[in-house]
Amino acid sequence: MMRRTLLALAAGIAVVSTARAQGPVPTPSAQTKLNIGADRVLADWSQITTYFNTLARSSPVVRVDTLGPTTEKRPLIVATISTPENVSRIEEIRTAQRLLADPRLLSAGAEARAIASQPTVLMISCNIHASEIASSQMAMELAYRLATNDTLQGYLKNVIVLLVPSMNPDGQDMVTQWYRQGVGTQWEGGPLPWLYHHYVGHDNNRDWYMVTQQETRLVTDFLYRRWYPEIFYDVHQQGANGMRLTVPPHIDPIDPNVDPIIVRGITQIGTQMSWALESHGKTGVGDRTRYDLWWHGGARSAPTRHNTIGLLTEAASAKVATPLTLGPADLTELPARPTVNYPNPWPGGTWRLRDIMDYELIAAEALVKLAAEQRQDYVRNFVALGRKSIAAGKNEKPYGYRISAGRDPEASRKLLEVLRLGGIEMGTIAGRPDVYVSLAQPYRAHVKDLLEPQRFPKIEQYPGGPVQRPYDVAGWTLPMQMGIAVTPIDTPITAALTQLTSLAPDFPPAACARAGVGTGAGRYVSLDASDTRSYGLVARALSAGRAVTVTGTGDRASFVTELPPGSRVGGCAPRRASARPRGLTSISRLPRIALYKSWTANIDEGWTRFVLEQQGIPFASIGDTVVKGGGGKLRDLYDVILVPDMSFREIRDGMAASQVPPRYSGGLGEVGVAELAAFVRAGGSLVLLDRSSELATSALGVGVTRITVAPRLDDEVEEERGKGKHVPLYAPGSILRILVDGTHPVARGMSDTAAVYFTNSVTFDVPAGSPARVIARYPSREDDILLSGYLQGGDAIAGKAAAVEVPVGRGRVVMFGFRPQYRGQSYGTFKMLFNALLGGGDSTTRR
């Protein structure tokens, strides 16, 4: 016990419970004293963790570890379940798995022994989306059955199951407590009026390559530095009106960096699941619908770039734990008759939490059975995938990438951190300032997928039909989003690389030079406006009562201010001067910034809050009550009000009283909208992101027309194209080029061209004579707009404005047609948002 504890602690994993007690293994219902799976019954996170710890103390086949604390300091646990023999040698198995993940470390003899004896390592991830609650309850029953069922124990001789009962314990508790409060009321099973993750809500399943959130970091480290599973299974729920359980195979498109072995493995396992469900008499199981193999950012997607089979199932939802009764007419997402991918339709009826759990249990146990029976194949193919990646990196162009510090060392450092967290090897070459990533490594697909553009053929190149659109994001190329120079290397890397195992605050090596480090002394420091790190320092200086002078424009802009001795820019000491230069603008005090936080659980608000906190820019959160109760005096309280991406209807109307209790319903209403209008006319700055720009065009009468994306079905697009019509504008999560007016204050630190994230976003048509000033616009040629992803009908936005500033009364409105802080990724445009905020109100004066 002591040896295993020390090994686990050395691996960075806290042991929760491994001690054994005599006596029977308790069922989840017996231990929690709840009828687990019954209507209107949910175990909360404390009850779930208590059950798993009890199970580990009661059974020699279960070990429970804590990966670390969640964002709100709950324990994020994982249960390791196998046979007593496997659990007793778990560190030996884990060490062998590390060798399988990197065949460069594997001798021929060790590989043969592993194929003969190494168990399949299978990770099952539950409840990442907190309202998809059934899997957190199912996980207890699955663990109990794996620990006590003789047949399953027989399978576990060849399998290690790593079971995470909830990937979002904070949200699991939020949803459970909210649901319990609503039972017996008209709001039973209704939505939470706040995000079910402290920052990112549903987008915690959009963070698996950027790795910004605490839970994502803990699990990513577990996956690619601790255990290296062959199979990763992510258990989800979907809407109530479709298939009872959607399993693989999925639909096109397939990302070109996903290996065919991975695709075949996903299909094989999905087929096994549907076979098992059909054998148990479960109707309504289908496949090949909605979910594709393109996007990289989900929990089941990122493993596929790490030689792991990444699986997804989606069960139909109840109203949390309240049954739903559905007739045939309610099943609007289903085919009218049996089809090859849906051969046994669900006829309708009452759908319960218990039903979801039963379907999920059958699917999970079928996976365990297959993982045992095909153990040798999974182990062999896992090694083969690593070897294939290494060989391709040695023999195919590009051979690697060179990452330069550029003008924004903070963004460069973040990109390197993302790669490091994803298990990527990188290093430096003596005498050179840049960082090099060789593609001759096992996770080559992950590197290529993050650093290369995503390309779809133009629709005209598909004469037989339209391009298959991706289910989620179409393009995500990180160097473009982050404004970083990454150069492909087309000759083999022969120089010795000094491997980087950690990143110091002054990393990359050229960061200090770019930050303007010098040996001068004096009261003043010069901070490059192109460096994301500068804005938090500017805010700190203004908070301390030190004025900030702005010199230069565009990517030549700098902030000159006073900082206390010893202040650092990352790990660099900034250049100091004895006198303040004469600049264009002086910012005399920190603007009083407010971020609007509605009761509609707005994800973009959470991301905005996260980015501002990470960069050290102070703000206040204000809700409907504060805005509606402003009494025409909001301008006395705030200089800038920032509204995240949300529709005008959401802003004005909020959630209906039939969905949530009255205190959370109704939105701003006409009164609140009028208060925001009065705030601007009295001299305030209103900063609007993406769809919230409708607030200005609808309620403030700004002289700008919004261009929006109208949804179209693929067959409608094809019909319009066949008639010679222009196809409609459509760009689901793509990176587009903008042309920037560097003389505008919002463009400080920006080059004359930049990349923005456009997710079916908004564009502006500014007529001649309008008082609006264009900050950035799209190129006039459609072919010059798309950088990565998918753009259909781009002629609709060619030459149009992407960001504008409009005077209104004594104030101003800044409208971004995109999200400059998109999911904590788009470092290349963070500074535009920061400039709009820090230059707001009457705190800025011209010289």
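The values are calculated or read from the model by the stated rules, or taken from the named source; none is laboratory data. The structure presented is a predicted model; accordingly, all values stated were derived computationally and were not measured. Cβ coordinates were reconstructed from backbone atoms using ideal geometry, including for glycine residues, and neighbour counts include every protein chain displayed. Each accessible area value is taken on the protein alone, full model and side chains, heavy atoms only, with ligands, DNA and RNA left out. Shrake-Rupley method; radii C 1.70, N 1.55, O 1.52, S 1.80 Å.
Shown is the FRET efficiency for Thr95 and Lys33, computed with R0 = 51 Å from the Cβ-Cβ distance and rounded to the nearest 0.05: 0.80. Kirkwood's formula applied to the C-alpha pairs of segment 35-135 gives a hydrodynamic radius of 16.3 angstrom. When the Cα atoms of segment 109-263 are aligned to their principal axes, the ranges along those axes come out at 64, 41, 32 Å in descending order. Compared with the dominant Cα axis of the chain, that is its longest principal axis, helix 827-838 is turned about 50°. Using a simple spin-label model with pseudo-atoms 7 Å out from Cα toward Cβ, Ala485 and Ser621 lie 4.1 nm apart.
Surface composition of segment 387-436: carbon and sulfur atoms hold 45% of the protein heavy-atom accessible area at a 1.4 Å probe.
Helices in the chain, meaning DSSP H runs of at least 4 residues, each add -39500 (n - 2.57). Divided by all residues, the mean residue ellipticity at 222 nm is -9500 deg cm²/dmol. Qualifying chymotrypsin sites (Phe, Trp or Tyr not before Pro) in segment 346-386, where qualification requires a DSSP coil assignment and no more than 10 other C-beta atoms within 10 Å, are lacking entirely.
Among DSSP beta bridges lying fully in segment 231-374, give the percent that are antiparallel, nearest 5. In segment 231-374, DSSP labels about 35 percent of beta bridges as antiparallel. Per residue, the Cα convex hull of the chain amounts to 171 Å³. The residue list Leu367, Val263, Leu312 was ranked by how far each Cα lies along the charge dipole of segment 259-402 toward its positive end, using unit charges on Cβ atoms, and Val263 comes out on top. Taking all protein chains in place and a 1.4 Å probe, what share, in percent, of the accessible surface of segment 236-337 do carbon and sulfur account for? Percent of accessible area from carbon and sulfur atoms in segment 236-337: 53.
Identify, among Thr561, Pro328, Tyr199, the residue whose Cα sits farthest towards the positive end of the charge dipole of the chain, taking +1 on the Cβ of Lys and Arg and -1 on the Cβ of Asp and Glu, with the dipole about the Cα centre. Highest projection toward the positive end goes to Thr561.
Restricting the calculation to Cα atoms, segment 333-405 shows an Rg/Rh of 1.26 when the hydrodynamic-style radius is the Kirkwood one. Solvent-accessible surface of the chain, taken per residue with a 1.4 Å probe and all protein chains present: 36 Å².
From the square roots a ≥ b ≥ c of the eigenvalues of the alpha-carbon gyration tensor of segment 779-835, which class results: rounded (a/c under 1.5), prolate (a/b over b/c), or oblate? In terms of gyration-tensor shape, oblate.
In this simple spin-label approximation, Lys633 and Ala110 carry label points 7 Å from Cα along the Cα→Cβ vector, and these lie 7.2 nm apart. Averaging the sequence gap over all C-alpha pairs within less than 8 Å and six or more residues apart, then dividing by the number of residues, gives segment 38-163 a relative contact order of 30 percent. In vacuo Debye scattering of segment 734-833, one point per C-alpha: log10 I(q)/I(0) at q = 0.21, 0.23 Å⁻¹? Per q value, in the given order, log10 I(q)/I(0) is -1.09, -1.29. Over segment 387-448, Cα pairs under 8 Å with separation of 6+ residues give a relative contact order of 49 percent. Among the trypsin sites (Lys or Arg not before Pro) in segment 604-652, those placed in a DSSP loop whose Cβ has at most 15 other Cβ atoms within 10 Å are Lys633. Ranked by the mean number of other Cβ atoms within 10 Å of their residues, highest first, the peptides 244-250, 763-769 come out as 244-250, 763-769.
Bridging of Lys397 to lysines at a Cα separation below 17 Å is possible for Lys388, Lys448, once same-chain residues fewer than 8 apart are set aside.
Taken about its Cα centre, the chain carries a charge dipole of roughly 2460 debye when the Cβ of each Lys and Arg holds +1 and the Cβ of each Asp and Glu holds -1. At the listed q of 0.16, 0.22, 0.23, 0.27 Å⁻¹, the Debye profile of segment 311-369, built from one uniform point per Cα, gives log10 I(q)/I(0) equal to -0.62, -1.05, -1.10, -1.21. Just read off the accessible area of Met750 with the full protein assembly in place, 1.4 Å probe, to the nearest 10 Å². Result for Met750: roughly 10 Å² accessible.
When each of the peptides 230-236, 258-264 is scored by the mean number of other C-beta atoms lying within 10 Å of its residues, the order from highest to lowest reads 230-236, 258-264. Multiplying the residue separation of Glu278 and Asn149 by 0.36 nm and subtracting their alpha-carbon distance yields 44.3 nm. Cα centroid separation, segment 93-107 to segment 199-261: 24 Å. In the chain, taking the dipole from charged Cβ atoms about the Cα centre, the farthest positive-side position among Pro820, Ala620, Leu99 is held by Ala620. On the beta carbon distance between Arg180 and Leu739, with R0 = 45 Å, the FRET formula returns roughly 0.25.
If you wrap segment 101-144 in the convex hull of its Cα atoms and look at it from every side, the mean projected area works out to 4.8 nm². For Lys73, the aspartates and glutamates whose Cα falls under 17 Å of its own Cα, not counting residues fewer than eight places away in the same chain, are Asp44, Asp65, Asp170, Asp173, Glu215.
Backbone phi angles across segment 393-409, fed through the Karplus curve with coefficients 6.51, -1.76 and 1.60 (θ = phi - 60°), yield HN-Hα couplings of x, 7, 10, 10, 7, x, 8, x, 9, 10, 10, 9, 5, x, 7, 10, x Hz in residue order; Gly and Pro are listed as x.
For segment 756-788, trypsin sites (Lys or Arg not before Pro) meeting the loop criterion (DSSP other than H, G, I, E, B) and having at most 16 other Cβ atoms within 10 Å: Arg781. Over the chain, Cα pairs under 8 Å with separation of 6+ residues give a relative contact order of 11 percent.
Looking at the chain alone, DSSP beta bridges between its own residues are antiparallel in about 65 percent of cases. Using only Cα coordinates, the Kirkwood hydrodynamic radius of segment 186-335 works out to 17.0 Å. A full extension of the chain between Gln659 and Gln268 corresponds to an added length of 136.7 nm, given 0.36 nm per residue minus the alpha carbon distance. Could you give the angle, 0 to 90 degrees to the nearest 10, between helix 169-182's Cα long axis and the longest principal axis of the Cα atoms of the chain? On a 0 to 90 degree scale, this one is about 90.
Each of the peptides 673-683, 814-824, 440-450 was scored by the mean count of other Cβ atoms within 10 Å over its residues; in descending order, highest first, they stand as 814-824, 440-450, 673-683.
On the beta carbon distance between Ser502 and Ala579, with R0 = 35 Å, the FRET formula returns roughly 0.35.
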